[in-house]
Amino acid sequence: APLSEYDLIFTSNTTESINLVAEGISSNNGHDTAPVIMNTLLEHNSNDLPWRMVPGASMIRLSIDSQGFIDLKQLEACLCDYNSNKIHGVKRIKLVAISGASNVLGVYNDLEVISQIVHRYGALLLVDAAQMVAHRSISIKKTGIDFLAFSAHKVYAPFGTGVLIARKGL
């Protein structure tokens, strides 16, 4: 993530990083729309509970396919229904918050494809990279991730430090 295009914020852990994004979504609520946060059935509490606390927001949980990956067809269909076709009134999916890797199933979702779908419909993408950051190189710019969160101890740094990388302006 080039520092000219992304901000790096140190926090106390992944949960605090995600909480900061949730607070930002809350404070940037437009009065003409009702925010919807989308995540998956596989999320850790740190990428689930903060979204429940966003005032006026509702949540949608994506299912997974038979291999344990995010159902990309469902992702696109939901985004299209909410953000393009507007069949849910004023509700708009503002953010898709997903795990980059599942510590239960060991799958790594295709973040570049997910990002393309999410951005096509005007939403933002947050990736909880806590289970991924020590095992895979992540090009935030190439994949189009808007927010990336993880705890430093996952990359063998001391406990008590988290990281939030955010695209500038967000």
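The values are calculated or read from the model by the stated rules, or taken from the named source; none is laboratory data. Keep in mind that this is a model prediction, so the values were computed, not measured. Positions of Cβ are backbone-derived with ideal geometry, glycine not excepted, and every protein chain shown enters the neighbour counts. Surface accessibility is based on the protein's heavy atoms, side chains included, excluding ligands, DNA and RNA. Shrake-Rupley method; radii C 1.70, N 1.55, O 1.52, S 1.80 Å.
Relative to the present Cα-Cα distance, how much length would full extension add between Ser63 and Lys141 at 0.36 nm per residue of separation?
25.4 nm
Taking each pair of distinct Cα atoms in region 53-120 once, what is the resulting Kirkwood hydrodynamic radius in Å?
The Cα-based Kirkwood calculation yields 13.1 Å.
Provide the FRET efficiency to the nearest 0.05 for the Ile9-Ile87 pair, computing r from the beta carbons and using R0 = 25 Å.
In this case the efficiency is close to 0.10.
Quote the FRET efficiency, to the nearest 0.05, computed for Tyr108 versus Asp32 with a Förster distance R0 of 45 Å and r equal to the Cβ-Cβ distance.
0.75
Reported to two decimal places, what Rg/Rh ratio describes region 1-116 when computed on Cα atoms with Rh from the Kirkwood expression?
Across region 1-116, the Cα-based Rg/Rh ratio is 0.97.
Would you mind getting the accessible area per residue of region 1-130, heavy atoms of the protein chains only, 1.4 Å probe, in Å²?
48
Under the rule of -39500 (n - 2.57) per DSSP H run of 4 or more residues, summed and divided by the residues of the chain, what mean residue ellipticity at 222 nm is obtained, to the nearest 500 deg cm²/dmol?
-6500 deg cm²/dmol
Can you spot the lysines whose alpha carbon is less than 27 Å from Lys141's alpha carbon? Ignore those fewer than 8 places along the same chain.
Lys73, Lys94, Lys154, Lys168
Assuming 0.692 mPa s and 37 °C, estimate D for region 79-170 with Stokes-Einstein, Rh taken as the Kirkwood radius over Cα pairs, in µm²/s.
231
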